[in-house]
Amino acid sequence: MSIKNFRVAIIGGGPTGSALALMLARACKMPEQIALIQADALTNYGFDPNKDPRVLAINHGSKVLLESLDAWSTQSVAIEHIHVSQKGYFGRTVIDRDDFKVAQLGCVVAYAGLHAALSEAVQASGVEILRGQAGQVLAHDANGADISVGADTIRAQVVIQADGIAQADKTRDYTQAAIIAYARASHPKKGWAFERFTNEGPLAVLPHPLAPDQQAVVWCCSPERAYALKQMSCGDFSTALTDMFGARLGFLRVEAPVSVFPLTLNVKQKLVDGRCAVIGNAAQTMHPVAGQGLNLGLRDAAVLARHLTAWLCEATTSPDGGLKQFEQDRLIDRNLTVRMTDTMSRFFATKNPLPHHIAGLGLFALDTLPALRMPLARHLLQGLRL
Ligand SMILES: Cc1cc2nc3c(=O)[nH]c(=O)nc-3n(C[C@H](O)[C@H](O)[C@H](O)COP(=O)(O)OP(=O)(O)OC[C@H]3O[C@@H](n4cnc5c(N)ncnc54)[C@H](O)[C@@H]3O)c2cc1C
């Protein structure tokens, strides 16, 4: 039996794998030489927020990238102001769209909607989609790898792991879980996103992309507390949430507590092993504080696509130099973003009051000194540009 050959095979058709497939398809004249292996048997692109109710804050840089790929989710809502505070301590800061002279700081989309938009764009791109079966690298050598896809085997000169599962060298269990819920505010504020640090973990209240009169809540706390909240009646959950968040939006009436995600840090140090590379959550799974995971994953995909383009266009005969360059170029951005989210999630989640007072001063300084606020905000909003 002959084995089908591809130049590039991407294992995992989530947001980062799909975005990479689209970028590579644009770069080369023969998109059918790229395979995207997606375990989910999604066929009609009708997205199902009940299956994955996550909402994602997408920064300006990621939005521009996704729009350029014709893969922007139509159901999105703009973030115009970001309010950062900590419960029980002084200090808060507001990042405003006017600081950057832009119409919006970022957007909120539903994971399911964005995934559907990307899947549809890949379908139209000419990339070969192998759907409904998991892919696994069987063996790799200096010229590529053999990959099992269900009962079949394919061969690719370059394999990209984008399956969302980091085979990590560095791990941390945050002993936190994120509970996702939708809530209706008695005093809603259009375009405002809130990040509130509590000594249980960060609590984000965002505009909801699917319902203009609702908020999307991402509440990080101990796993025990998260499962207890999930079991509560909507009334009790609403009171607990409003107590924790404060009165900025009035009373937050929860519609339905939906899902609990356990939170861990998993970081793979080496991104490239021979002709195999990793991107997105397969390279680093982070704490959701400050909403950086997918934004970072999309930057992985964009840098990798840039470095494979010369080889795909046959200007160079080997992808090895491009893969090496990709690994080097991702070092600073990955380290910075992983460290920032890791530090933020642990620093505030301490019962010791001293760090909270220091953080209060920090927020106060950020609020009063735009020169301090701008670099942090720029990294959060646009990502590091190299
Ligand atoms: C509660 C929460 C809130 C978050 N909020 C934000 C936010 O506000 N902003 C942000 O930027 N990020 C956020 N994130 C992170 C973001 O969800 C991830 O970074 C992003 O989904 C990673 O995309 P990915 O494509 O790398 O992986 P995934 O989304 O995990 O997709 C991987 C895909 O690969 C498929 N797959 C798995 N194994 C195989 C296999 N063997 N073969 C083929 N296919 C396979 C899976 O079915 C899946 O479709 C949040 C995460 C959580 C948990």
Query raised in the report: In the set Tyr182, Tyr174, which member is in a strand (DSSP E or B), crowded, with 19+ Cβ neighbours inside 10 Å and either modelled with pLDDT under 90 or out of contact with any strand residue (DSSP E or B) (no Cβ under 7 Å at 6 or more places or on another chain) (or both)?
Result: Tyr174
Query raised in the report: Taking interchain pairs and intrachain pairs at least six residues apart, which have beta carbon atoms under 7 angstrom, with the first residue in region 280-303 and on the phi > 0 side of the Ramachandran plot and the second among the β-branched types (Val, Ile, Thr) and more than 6 Å from the ligand (Cβ to nearest atom)?
Result: Ala290/Thr341
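Listed here are the residues, each with its yes/no results for (1) charged (D, E, K, R); (2) assigned by TED's automatic domain parsing to the domain that holds Met286; (3) more than 25 Å from the chain's Cα centre (by Cα).
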{"site": "Ala185", "(1), (2), (3)": "no, no, yes"}
{"site": "Lys190", "(1), (2), (3)": "yes, no, no"}
{"site": "Leu206", "(1), (2), (3)": "no, no, no"}
{"site": "Val218", "(1), (2), (3)": "no, no, no"}
{"site": "Asp236", "(1), (2), (3)": "yes, no, yes"}
{"site": "Glu255", "(1), (2), (3)": "yes, no, no"}
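For region 216-231, which residues satisfy the criterion of being farther than 20 Å from Asp52 by Cβ, crowded, with 16+ Cβ neighbours inside 10 Å and of a type in the set (A, V, I, L, M, F, W, C)? Let's see the steps before the verdict.
Initial filter on region 216-231 (farther than 20 Å from Asp52 by Cβ): 221-222, 224-225, 228, 231.
Still in the running and crowded, with 16+ Cβ neighbours inside 10 Å: 221, 225.
Answer for region 216-231, where residues must be farther than 20 Å from Asp52 by Cβ, crowded, with 16+ Cβ neighbours inside 10 Å and of a type in the set (A, V, I, L, M, F, W, C): just Cys221.
Let me confirm something: among Ala168, Ala193, Ala204, Ala181, which residue is within 27 Å of Lys270 (Cα to Cα) and either out of contact with any Pro (no Cβ under 6 Å at 6 or more places or on another chain) or of a type outside the set (Ser, Thr, Tyr) (or both)?
Numbers: Ala193 fails: within 27 Å of Lys270 (Cα to Cα); Ala204 fails: within 27 Å of Lys270 (Cα to Cα); Ala181 fails: within 27 Å of Lys270 (Cα to Cα).
That would be Ala168, the only listed residue that is within 27 Å of Lys270 (Cα to Cα) and either out of contact with any Pro (no Cβ under 6 Å at 6 or more places or on another chain) or of a type outside the set (Ser, Thr, Tyr) (or both).
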Report task. Would you check if Ala35 is at pLDDT 90 or above, closer than 22 Å to Thr309 by Cβ, in a strand (DSSP E or B) and in contact with a helix residue (DSSP H, G or I) (Cβ under 9 Å, 6 or more places away or on another chain)? Result -> yes
Report summary line: Within region 217-261, residues assigned to a strand (DSSP E or B) and touching a Ser or Thr at 6+ places or on another chain (Cβ under 7 Å) come out as Leu252, Arg253, Val254
Query raised in the report: For region 97-149, how many residues are surrounded by 16 or more Cβ atoms within 10 Å (Cβ to Cβ), charged (D, E, K, R) and closer than 24 Å to Gly191 by Cα?
Result: 2
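The values are calculated or read from the model by the stated rules, or taken from the named source; none is laboratory data. Predicted model, so just to flag it, every value in this text is computed and none were measured. Please note: Cβ atoms are built from the backbone with ideal geometry, for glycine as well, and neighbour counts cover all protein chains shown.
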